[in-house]
Amino acid sequence: MSEIKVNNIQSLSGTNGPVISGTVEMNSTGAMSLPRGDTAYRGSRGRGLFAGGYVSPAVINTIQYVTIATTGNALDFGDLTEAIGDRQGWGSSTRGLFAGGLNSPTRVNTIDFVTISSTGNAFDFGDLTEENFQGAALSNEVRGLYGGGINPSTRLTQIDLINNASKGNASTFGNLSSRRFALTAFSSPTRGLFAGGDSQTPVRVNIIEYVTISSEGNTIDFGDMLAISRNKMAAASSTRGVIGGGDDGTGAGGITAIDYVTIASLGDSIDFGDLTQGRRRGSGLSNSIRGIFGGGYTAPSPSVSYDIIDFVTIASTGNAADFGNLLSTDHRLGTAASDSHGGLG
């Protein structure tokens, strides 16, 4: 009998390949075939989480999940440490993190975390540098960044830095180019982009700016979105970011348009297609192949909230298609995270 004992198997460059913990033994008269392909399509990764939000008449603590490569309705995952809306989420390949938020009139600086591959309730991670809601968050495998927001009524410029693999409080990374809230964010493994929002005046903006996640410092101008707007949803592959929905201040119920940018370059966004329903204050996530947009609402009165989940193929262009539904039929002000988004390569 042959015996194979390995600690890990990698490519010649040592940059990719499965890592196997402990001893692997095989007893067979046949051959052994190792799994191939993107782990997002092999079951170990590719999960998206939607957390918190407002379901009339109150904020909720629900965490729900979807398998991004399939379609279907969300399933129950567990609960946040508190019922809250306007929280911001991001993820590593193992952890989902959710920070800040509002349970009117209380603003919080707490950070929760979960292990994405399991199900269960969130645990305390630490705190942001200050109480904050309606900022925007992004990440790569190592770092999470939370930028902008409101505390208590002042728009903020600060970007907080969080080390995903540890537990503890955030530190200061740098600053946005201007004070604003209701912005959105997405990333590649190297760059993080912050887009749109509402400035101190208040005035909606179409600004896109970026940082290098591995360094620390202030944002640099990237370009502009097609429209001046806030409360948009974003998702990304390692090369492209898509930005959908939002509120342009014209009194329309909600934006249907989706824009995209090439993250490694500079320049203005380009038209991608449309959502199945125009809406604002939903949540976006991805598995680097698909972008998912869940929840949101239209206004002004009468305000209508949605449980819609749309999806797009990030590398293409075109209109979104139906993915399924969230657990609640009246859902908005939630956040999202995934274990295989563009910031994770």
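The values are calculated or read from the model by the stated rules, or taken from the named source; none is laboratory data. Bear in mind that the values here come from a model prediction, so they are computed numbers and not experimental data. Here the Cβ is made from the backbone with ideal geometry for all residues, glycine too, and neighbour counts use every protein chain on show.
Give me the residue from segment 263-283 that is over 17 Å from Tyr210 (Cβ atoms) and in a strand (DSSP E or B) and, out of that set, modelled with the lowest pLDDT. Applying the filter and picking the extreme gives Arg280. Within segment 68-120, take every residue that is over 17 Å from the mean Cα position of the chain (by Cα) and among the small types (Gly, Ala, Ser) and give me the one that is farthest from Ser56 (Cα to Cα). That would be Ser118.
Given the options Thr172, Thr239, name the one that is of a type in the set (S, T, N, Q) and within 26 Å of Leu128 (Cα to Cα).
Details: Thr239 fails: within 26 Å of Leu128 (Cα to Cα).
Unique residue meeting the criteria: Thr172.
Of all residues in segment 249-297 being surrounded by fewer than 21 Cβ atoms within 10 Å (Cβ to Cβ) and β-branched (Val, Ile, Thr), which is nearest to Ser187 (Cα to Cα)? Per the stated criteria, the residue is Thr262.
Here's a check for you: in segment 211-240, which residue that is in a loop (DSSP other than H, G, I, E, B) and of a type in the set (Ser, Thr, Tyr) is farthest from Trp90 (Cα to Cα)?
First, the residues of segment 211-240 that are in a loop (DSSP other than H, G, I, E, B): 213-219, 225-229, 231-232, 237-239.
Narrowing the set further to residues that are of a type in the set (Ser, Thr, Tyr) leaves 214-215, 219, 229, 237-239.
Working: Ser214: 16, Ser215: 18, Thr219: 19, Ser229: 22, Ser237: 14, Ser238: 15, Thr239: 18 Å.
Per the stated criteria, the residue is Ser229.
Being of a type in the set (S, T, N, Q), touching a strand residue (DSSP E or B) at 6+ places or on another chain (Cβ under 7 Å), touching a residue at least 40 places away in the same chain (Cβ under 8 Å) and in a loop (DSSP other than H, G, I, E, B) is the filter here; which residues of segment 288-345 pass it?
Thr317, Asn319, Ser328
On the given criteria, is Ser177 of a type in the set (Gly, Ala, Ser), surrounded by fewer than 17 Cβ atoms within 10 Å (Cβ to Cβ) and modelled with pLDDT under 95?
On the way: of a type in the set (Gly, Ala, Ser): yes; surrounded by fewer than 17 Cβ atoms within 10 Å (Cβ to Cβ): yes; modelled with pLDDT under 95: no.
Answer is no for this residue.
Of all residues in segment 146-193, those being of a type in the set (S, T, N, Q), under 15 Å from the mean Cα position of the chain (by Cα) and closer than 27 Å to Asp259 by Cβ number 3. When Thr219, Thr157 are checked against the criterion of being touching a Lys or Arg at 6+ places or on another chain (Cβ under 6 Å) and at pLDDT 95 or above, a single residue qualifies: Thr157.
Consider segment 126-144 and keep the residues that are in a loop (DSSP other than H, G, I, E, B) and in contact with a helix residue (DSSP H, G or I) (Cβ under 8 Å, 6 or more places away or on another chain). The one that is surrounded by the most Cβ atoms within 10 Å (Cβ to Cβ) is Asn140. Of all residues in segment 319-337, those satisfying the criterion of being among the small types (Gly, Ala, Ser) and at pLDDT 95 or above are Ala320, Ala321, Gly324, Gly334, Ala336, Ala337. Scanning segment 306-345 for residues that are of a type in the set (A, V, I, L, M, F, W, C), surrounded by fewer than 17 Cβ atoms within 10 Å (Cβ to Cβ) and under 25 Å from Pro189 (Cβ atoms) yields a count of 1. Listed by first and then second residue, the pairs linking a residue in segment 31-59 that is farther than 19 Å from Ile116 by Cβ and surrounded by 24 or more Cβ atoms within 10 Å (Cβ to Cβ) to a residue that is of a type in the set (Lys, Arg) and at pLDDT 50 or above, with Cβ atoms under 8 Å apart and 6 or more places separating them unless they lie on different chains, are Tyr54/Arg332.
Please go through segment 65-114 and give me each residue that is among the acidic types (Asp, Glu), assigned to a strand (DSSP E or B) and out of contact with any Asp or Glu (no Cβ under 8 Å at 6 or more places or on another chain), ordered by number. Steps first, please.
First pass over segment 65-114, keeping only residues among the acidic types (Asp, Glu): 76, 79, 82, 86, 112.
Among the residues that remain, those that are also assigned to a strand (DSSP E or B) are: 76, 79, 112.
Answer for segment 65-114, where residues must be among the acidic types (Asp, Glu), assigned to a strand (DSSP E or B) and out of contact with any Asp or Glu (no Cβ under 8 Å at 6 or more places or on another chain): Asp76, Asp79.
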